[in-house]
1. Quick one: which residue in 195, 182, 236 is among the charged types (D, E, K, R) and buried (at least 22 other Cβ atoms within 10 Å of the Cβ)?
2. Return yes or no: is residue 84 open to solvent by 10 Å² or more (accessible area, probe 1.4 Å), among the aliphatic types (A, V, I, L, M) and in contact (Cβ under 8 Å) with a residue 24 or more places away in the chain?
3. Would it be correct to say that residue 35 is open to solvent by less than 40 Å² (accessible area, probe 1.4 Å), at pLDDT 95 or above and among the small types (Gly, Ala, Ser)?
4. Quick one: count up the residues across segment 47-81 that are more than 16 Å from residue 103 (Cβ to Cβ), touching a strand residue (DSSP E or B) at 6+ places or on another chain (Cβ under 7 Å) and touching a residue at least 24 places away in the same chain (Cβ under 8 Å).
5. Would you be able to tell me the number of residues in segment 169-193 that are within 20 Å of residue 332 (Cα to Cα), part of a loop (DSSP other than H, G, I, E, B) and of a type in the set (A, V, I, L, M)?
6. Looking at (1) farther than 15 Å from residue 13 by Cβ; (2) open to solvent by less than 30 Å² (accessible area, probe 1.4 Å); (3) at pLDDT 90 or above, which is the one condition that is false for residue 92?
7. Could you look through segment 194-243, keep only residues that are assigned to a loop (DSSP other than H, G, I, E, B) and aliphatic (A, V, I, L, M), and pick out the one that is farthest from residue 183 (Cα to Cα)?
8. Kindly indicate which of 248, 227, 194, 204 is in contact with a helix residue (DSSP H, G or I) (Cβ under 8 Å, 6 or more places away or on another chain) and of a type in the set (Asp, Glu).
Amino acid sequence: MQPSEKTAKTLKIAVDAMGGDHAPQATVEGAALAGKELGLQVILVGNEEIITREVEKFPQAQSFLHIQPAAEVIEMKEPPSQALRRKRNSSVKVATDLVKSGEAQAVVSAGNTGATLAASLLILRPLKGIDRPAIATFLPTATPQGFSILLDAGANVDCKAAQMFQFGIMGHVYAQNILRTDSPRLGLLSIGEEDSKGNEVSKEAHRLLSRSSLNFIGNVEGREIFEGKADVIVCDGFTGNIALKIGESVAEMFADTMREAFTSSLRTKLAYLLMKPHFQALKKRIDYSEYGGAPLLGVNGICIIGHGRSSPKAIKNAIGLAHRLSEEDLNEYIRGDIELNSELQDIKKRKGKFWKSLQGCSSLHSGKGAPKE
């Protein structure tokens, strides 16, 4: 399957300019950087007067920055589904509507994660053959590639085996066609390597993945997440978000500990100067802003969810990721692999164990910020 021929000149990325802790300053500056460095057209959605003042700070960027007015903003702590119904002219909804209408090819938001997810589900709708979309995030690993992909990272608290099977397909497609990983190794996060380990859902997901066309290597334990044993790690959103947050806290604790150790005396300060290039390389590997955002895989359109604390650099990279996924026609690859493995899903449907509703999508009921990549 060949991706469609789109160029940066024709692609437009809609950005929720009011979303994020540092919006709109960070979102507008990030959009200006993306336009300048990547040659992209960006539509900034939100309060026209406020955004215009920010855009005026970047006179050279005004040719590729466009403003789409939206009078309302969904705050971080607002219940997403209620807020979307109440605020029909919110920046995240209007930005998603632009993708639905074809005026933009992707949406980027660092605002209320649940609202971004809900807007994508209700406006863009899931791809054919996909029950629930999943958030795919990068995890640093001790491998030459430097990272693995974890999904779901928090979109779905409760998952069925067939849904986790779909996560595996989407993660495989993302790694193979976008990250250019040949035959990505797919692992299932569980409490032991043996097939018999795990709860009933994970054991059934193991059986499905084992019979699929994917390069499934079996269960992956928590201690192996950062070792790079698998290129793609599948789990439910509840487990995935906990694993992600634990990883974040360990990284922050390590950084604080090293900072304290290397500033305790003149000798350690001199040692830091010698080690500084290595620490900078490590920081870059675990810095979420390097990746920009996490794609919401499995909807009819491209949606990138940024961290609530996104800096201009993170916004720029999130826009770049959105452009790349659009340009490469990621969803066409997902549709192809879902069809290739459709027989296994048909078995689950006949047993009555496939999807019923979107009630298990955790972020529809929570306004918390996006996970750090």
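1. 236
2. When the stated conditions are applied, residue 84 passes them.
3. Numbers: open to solvent by less than 40 Å² (accessible area, probe 1.4 Å): yes; at pLDDT 95 or above: no; among the small types (Gly, Ala, Ser): yes.
Criteria not met by residue 35.
4. 4
5. Count: 1.
6. All conditions are met except number (1).
7. For segment 194-243, the residue satisfying everything is 230.
8. 204
The values are calculated or read from the model by the stated rules, or taken from the named source; none is laboratory data. What you see is a predicted model; the values in this text were computed from it and never measured. Don't worry about glycine lacking a Cβ; one is built from the backbone with ideal geometry, like all the others, and counts go over all protein chains shown. Side chains included, ligands, DNA and RNA excluded: accessible areas come from the protein's heavy atoms. Shrake-Rupley method; radii C 1.70, N 1.55, O 1.52, S 1.80 Å.
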